[in-house]
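S.K.: I have a structure I would like to understand better, so I am pasting it below and will then ask my questions one at a time.
The values are calculated or read from the model by the stated rules, or taken from the named source; none is laboratory data. Just so you know, these numbers come straight off a predicted model, no measurement behind them. Cβ coordinates were reconstructed from backbone atoms using ideal geometry, including for glycine residues, and neighbour counts include every protein chain displayed.
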Amino acid sequence: MCHPSWGRALTAAHRLTDLARLRRVRDRIDREYAQPLNVEALARGVNMSAGHLSRQFRLAYGESPYAYLMTRRIERAAALLLLRCGDLTVTEVCFAVGCSSLGTFSTRFTELVGMSPSAYRRRATGATAGMPSCVAKQVTRPVRNQEALVAEPQLA
């Protein structure tokens, strides 16, 4: 018969192992955001089932692996639209960050940033003129619309 504390210790150890695997998945997404990635491939890379990975990733980071990937892609796209490659079209930026559908890219960009990629480029290009790229990247980092609305200060 096992001592009850052994079960708790094994559960805690399993949770720590899962968290390490989730960090590896998150790091892989950060590194390989422009590559074709899907939950099944990410899960195989850390010896987890796709369902378990999705559930645990959402618990740890508050969003699904796919949503995290798309957020990283939109961040990189915003940087491409503004900082380094102003001569690229929105379609070229879409494919450069790993999206395969311009429609999905534009929809997700609009959801996360609050405006279309073209409008974002037009609006922000003047605002970052003369700004060092490291500062402009931080200033123009996309924030989810819901977070931006909640984060606004309330004046009484």
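S.K.: If you take just the helices (runs of 4 or more DSSP H) that sit entirely in region 70-156, which of them hold at least 3 residues that are modelled with pLDDT of 80 or more, over 14 Å from the mean Cα position of the chain (by Cα) and closer than 22 Å to GLU32 by Cα? Talk me through it step by step, then tell me what you get.
M.R.: Working: elements: 90-96, 102-113, 117-127, 133-139, 145-151.
Those helices (runs of 4 or more DSSP H) span 90-96, 102-113.
S.K.: Filter region 20-63 down to the residues that are more than 24 Å from SER100 (Cβ to Cβ), of a type in the set (D, E, K, R) and surrounded by 18 or more Cβ atoms within 10 Å (Cβ to Cβ) and list them by number.
M.R.: ARG21
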